[in-house]
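Before any comments, here is the structure.
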Amino acid sequence: METTSAVAFDGRSVVDYGIPCSELIVRLPAAGREFGDVIKYSELKTPNSELKVMAQNNFLIQVQDLKKYFYRESFFSSEKKPIRAVDGISFSIRKGETLGLVGESGCGKTTAGKSILRLIEPTSGQIFFKGQDIFHLDREAMRKLRPHMQFIFQDPYESLNPRMKVGEIVGEGPEVHRMIQGYLEKTRKVSEILEKVGLHPQDAQRYPHEFSGGQRQRIGIARAISLNPELIVADEPVSALDVSIQAQILNLLMDLRDQLGLTYLFISHDLRIVKHISNRIAVMYMGKMIEMANSEDLFKRPLHPYTQVLLKAIPKLDPSQRREETLLREEHRPMPSDQGCLFQPRCPHSRERCQTEEPLLLNEGEDHLVACHFVS
Ligand SMILES: Nc1ncnc2c1ncn2[C@@H]1O[C@H](COP(=O)(O)OP(=O)(O)OP(=O)(O)O)[C@@H](O)[C@H]1O
Ligand code: SF4
Ligand SMILES: [Mg+2]
């Protein structure tokens with residue numbers, strides 16, 4: 001496969017904006033452009049641009065240059081300093097595909113997941129759901145779209161109202177969105193969903209606290225699928241569970257994906273879990289996307305030094321082989337710098353250029369994207 005190096009605009013690779021080069025090569029002639037043309041980013045932003053339309057049929061969701069900054073008061077000055085929780089990430093997910101999003105605590109995974117569903121308002125960027133620009137949708141239009149995009153939380157207990165019975169929790173969404181009418185239809189719908197997630201119809205009469213952690217996550221999943229969504233953002237859905245239960249919930253998520261044709265953004269800090277369920281994996285570091293590839297390729301051929309460390313840090317049975325884990329400990333976390341590579345203070349391969357020039361996410365072949373000046 002060709003790389004995107006010849007197709008660039010404004011000095012940045014097309015893949016920075018979430019458009020795999022294979023799509024671009026196929027569709028360039030339709031847009032009256034040739035491979036190798038310099039395409040300006042402003043052209044992609046034009047509403048009717050063929051160049052933008054090209055990718056919309058193939059992807060359920062496309063995210064381009066998404067940013068979410070939080071502003072916190074500083075004790076020492078009146079100036080509010082931004083926390084760049086998500087700092088210009090781009091990716092696309094095809095229908096039926098699972099994209100795993102990994103990275104250590106605080107790198108911006110949850111913020112990214114919530115921003116693309118607009119559960120929190122992004123600072124800037126573009127989000128297309130089935131080709132529709134949802135970044136600028138007003139509250140009412142977003143409310144109508146909401147059933148199509150659901151979120152599964154890490155701690156189902158915190159996200160389940162303890163005063164509501166399971167039947168009310170699972171039936172609430174379909175009722176509010178007028179997908180069902182009347183008591184009988186609601187009972188039927190709730191029973192059907194509970195069975196789909198491995199619970200009993202009678203469980204509808206019980207409260208969340210009467211269930212185990214794994215069962216509570218099943219209730220969270222039941223609530224998410226109750227609205228027949230197409231996209232689910234699952235934020236660490238098994239992290240709070242025992243290892244033996246994790247596998248059951250992962251299998252359930254995979255079964256539902258196949259049965260219902262779901263598309264997932266699967267967030268986790270655990271690469272082993274992400275590998276199990278994902279077709280592709282994206283690695284985040286300090287609000288940026290630093291590597292993205294299909295799961296097998298990422299594990300066989302991690303290109304970014306941070307991904308290499310993450311893979312080496314996967315717990316090993318032999319304690320003598322645990323040396324790399326220390327690299328990931330909190331005390332090694334550097335302060336973010338404004339220029340250069342964010343990983344530079346921790347990178348064993350750092351050179352002078354890394355201190356002054358930020359590496360862009362570029363295609364190193366086979367749609368394996370990496371942001372590093374010195375890919376080995
Ligand atoms: N509401 C908020 N206000 C201010 N800062 C926030 C807010 N939410 C998140 N942050 C900050 O944004 C950064 C990213 O947080 P986020 O929760 O997205 O990380 P994460 O990768 O999901 O971490 P974890 O693996 O621990 O869940 C962190 O520095 C966090 O402190
Ligand atoms: S750009 Fe430089 S500092 Fe950053 S990961 Fe690559 S080699 Fe390391
Ligand atoms: Mg999180």
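Read-outs throughout are calculated quantities, based only on the coordinates presented, and are distinct from any laboratory measurement. Since the model is a prediction, treat every value here as computed from it, not as a measurement. All Cβ positions, glycine included, derive from the backbone under ideal geometry; neighbour counts span all protein chains shown.
Which of LYS81/LYS275; LYS144/LYS189; LYS114/LYS189; LYS130/LYS288; LYS130/LYS165; LYS95/LYS288 have a Cα-Cα distance over 31 Å?
The pairs that break the limit, which is 31 Å between Cα atoms, are LYS81/LYS275; LYS130/LYS165.
Test of understanding: what is the full-extension gain from ARG72 to GLU195, defined as 0.36 nm times their sequence separation minus their Cα-Cα distance?
Working: separation 123, 0.36 × 123 = 44.28 nm, distance 4.51 nm.
Fully extending the segment from ARG72 to GLU195 adds 39.8 nm.
Between SER159 and ARG206, what is the label-point separation in nm under the 7 Å Cα-to-beta-carbon projection?
That separation, rounded to one decimal, is 2.1 nm.
Work out, step by step, the length gained on full extension between HIS177 and LYS312: first 0.36 nm times the residue separation, then minus their alpha carbon distance; give nm to one decimal.
Once the chain is fully extended between HIS177 and LYS312, it gains 43.9 nm.
Using θ = phi - 60° and the Karplus form 6.51 cos²θ - 1.76 cosθ + 1.60, what ³J(HN,Hα) does each residue of region 160-169 get, whole Hz, x for Gly and Pro?
Calculated HN-Hα couplings, in order: 9, 5, x, 8, 9, 6, 4, x, 6, 4 Hz.
Using packing as a proxy for protection, rank 298-304, 142-148 so that the peptide with the highest average count of other Cβ atoms within 10 Å comes first. Before the final figure, lay out each step's value.
Working: 298-304: 18.9, 142-148: 14.6.
In descending order of packing, they fall as 298-304, 142-148.
Separation between the ASP242 and LEU184 pseudo-spin-labels, each 7 Å from Cα along Cα→Cβ, expressed in nm?
Result for the modelled spin labels: 4.2 nm.
Just subtract the alpha-carbon distance of ASP133 and ILE83 from 0.36 nm times their residue separation and send over the number in nm, one decimal.
Once the chain is fully extended between ASP133 and ILE83, it gains 15.4 nm.
Cut-off is 10 Å between beta-carbons; in what order do ARG353, ARG223, ARG346 appear when sorted fewest neighbours first?
Least crowded to most crowded, the residues run ARG353, ARG346, ARG223.
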